[in-house]
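Engineer: The structure's right below; bear with me while I get my questions together.
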Amino acid sequence: MSKKKILMLTYNVINKGTYHRAFHLAKILENNGYAIDIITTSKENKFKIKQYYSDQVRIIEMPDLLNGSLRSGWDIWNTCRRLLWLLNKKYDLIHTFDSRPTVLVPSIFLHKIKNIPLIMDWADWFGKGGSIEQRTNKYIKFFLRPIETFFEEIYRTSVDFNTIICNPLIDRALKLGVEKHKIILLPNGCDTKFIKKIDKRMAKKAFGFSDQHMIIGHVGTIFNDDARFAVKAFDKLHKLNSNIVLLLIGYCPFDLRSLSEFPDAIYVENNIIDDDIGSLLSCCDVGWLPLNNSIANIGRLPLKLFDFISAGLPIVSTNVGDVSFYIENYQIGIATDVDELKFVSNTYNLLLNPQLQNLFSNNELRIAENELNWREVGKKLIPIYNSQILKANE
């Protein structure tokens, strides 16, 4: 029996943002009898389409005329190249990730012209009230706000099914008129093959830290307001104990050192190879999610939460969005009010309590291999894909 062919589209540059979500799901589905193509955006190519296989998933990198961070789903050339490439291709189902033009236009075309079932994923609140409000340039914010909102909302009620990352976005979808039976909650998952916990003492030594260092870890990008909240909290912690340091892992859009009273106590590891992430997280004593109570934070579920869980790293987070549910329900850390002093106090107490750290860590490692593993998350899509394909063929 031939495999059902699935097309996934993401606007992100390869290995950035929601591409990771699509790729993890694709790997699981490939192992369960589907043939998956992911169309994403090339990091640098402006004219050439690049195709290759990664973990049996076919990756198609589309060219884009814009540069750097502007390669974010708006380029007409990228959109047209996707349309032209897809004209003679056959798929049984389309699954889009977010809804900027390079994703939405080709998927609607195939949905309407070729009558292919269309599922839309929703993993971020980009439009009015959401991450658009985190932009520092008020003119870009004013211009993009209605455009982001339009593309984010316009087609939600017209697709066959919606996979949504968190409950606040489900509530928003229902208010837009999406029928409840066309929605499934689909969180991120844990990749325990990629992120492995190793001995903390060995990890600290490998990266030049001493046993006395108490390390707070943060992974990836951060909003401006969250960065300022984090630095203020860290400065208070470092004043309490000079052995407390902050380790920033991966790309961070702000220079947190320049905001801190103690720049030498903030370590940045942004030029890392894949194998380093698990080792760097294993250095840490606590993983940080310093989230302000903004709609942008409420309307998402950070992948770094699941990176911490995969590494067995106890978490201190503010009580924002769905994050606190995972922390409290699985007993993997502490969720505090969005209050600087409470955030500092809970972080400090956890840093000084290795027994509680071990309890949280053991709980994380258990759920990372079981109910929150990408394997289990991805399997939720199988009955949805099968029913939509069957319905289209009736």
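Engineer: In what order do His24, His111, His181 fall by count of nearby beta-carbon atoms within 10 Å, going from fewest to most? Kindly include the intermediate steps, with their values, before the conclusion.
Structural biologist: On the way: His24 23, His111 18, His181 7.
Starting with the residue having the fewest Cβ neighbours, the order is His181, His111, His24.
Engineer: Then there is this: What is the gain in length, in nm to one decimal, between Lys90 and Ser69 on full extension, counting 0.36 nm per residue of separation less the C-alpha to C-alpha distance?
Structural biologist: Details: separation 21, 0.36 × 21 = 7.56 nm, distance 3.16 nm.
So the extension gain works out to 4.4 nm.
Engineer: Would you order Val57, Val338 from fewest to most other beta-carbon atoms within 10 Å of each residue's own beta-carbon? Walk me through the numbers on the way to the answer.
Structural biologist: Numbers: Val57 22, Val338 16.
Fewest-to-most Cβ neighbours within 10 Å comes out as Val338, Val57.
Engineer: Treating only the Cβ of Lys, Arg, Asp and Glu as charged (+1, +1, -1, -1), what charge dipole size does the chain show about its Cα centre? Round to the nearest 20 debye.
Structural biologist: Values: 49 positive and 43 negative charges, 259 e Å.
In debye, rounded to 20, the chain gives about 1240.
Engineer: Compute the Cα gyration tensor for region 193-325, then decide on rounded, prolate or oblate, letting a ≥ b ≥ c be the square roots of its eigenvalues: rounded whenever a/c is under 1.5, prolate when a/b is larger than b/c in the other cases, and oblate in all that remain. Spell out each step's value before the answer.
Structural biologist: Working: a/c = 1.63, a/b = 1.15, b/c = 1.42.
It comes out oblate by the Cα gyration axes.
Engineer: Still on this structure: With a point put 7 Å past each Cα toward its Cβ, work out how far Glu369 is from Thr136 in nm, to one decimal.
Structural biologist: Going by the 7 Å Cα→Cβ label model, 4.5 nm.
Engineer: Could you give me the ³J(HN,Hα) list for region 280-293, computed from phi with Karplus coefficients 6.51, -1.76, 1.60 and θ = phi - 60°, whole Hz, x at Gly and Pro?
Structural biologist: Ordered by residue, 3J(HN,Hα) equals 5, 5, 5, 5, 7, 9, 9, x, 10, 10, x, 9, 6, 7 Hz.
Engineer: May I ask you to evaluate 6.51 cos²θ - 1.76 cosθ + 1.60, the Karplus curve with θ = phi - 60°, for each residue of region 108-124 and list the ³J(HN,Hα) values in order in whole Hz, giving x for glycine and proline?
Structural biologist: 5, 4, 5, 5, 7, 7, 9, 6, 8, x, 10, 10, 10, 9, 9, 10, 8
Engineer: Explain nothing, just the number: relative contact order of region 200-369, from Cα pairs under 8 Å at least 6 residues apart, as a whole percent. Walk me through the numbers on the way to the answer.
Structural biologist: On the way: 286 pairs, mean separation 36.4, N = 170.
Answer for region 200-369 is 21 percent.
Engineer: Name the long-range amide H neighbours of Met62: under 5 Å, sequence gap of 5 or more, or other chain; modelled H, no Pro or chain starts.
Structural biologist: Long-range HN contacts for Met62: Thr40, Thr41, Ser42.
Engineer: Could you line up Arg81, Arg228, Arg201 from fewest to most neighbouring Cβ atoms inside 10 Å?
Structural biologist: Numbers: Arg81 21, Arg228 16, Arg201 13.
Going from least to most buried by this count: Arg201, Arg228, Arg81.
Engineer: Quick one: work out the % antiparallel among DSSP beta bridges in the chain, nearest 5.
Structural biologist: Working: 5 of 53 bridges.
Once the DSSP bridges in the chain are tallied, antiparallel ones form about 10 percent.
Throughout, read-outs are computed from the coordinates displayed, never taken from laboratory work. From a predicted model like this one, the values you see are computed outputs, not experimental measurements. All Cβ positions, glycine included, derive from the backbone under ideal geometry; neighbour counts span all protein chains shown.
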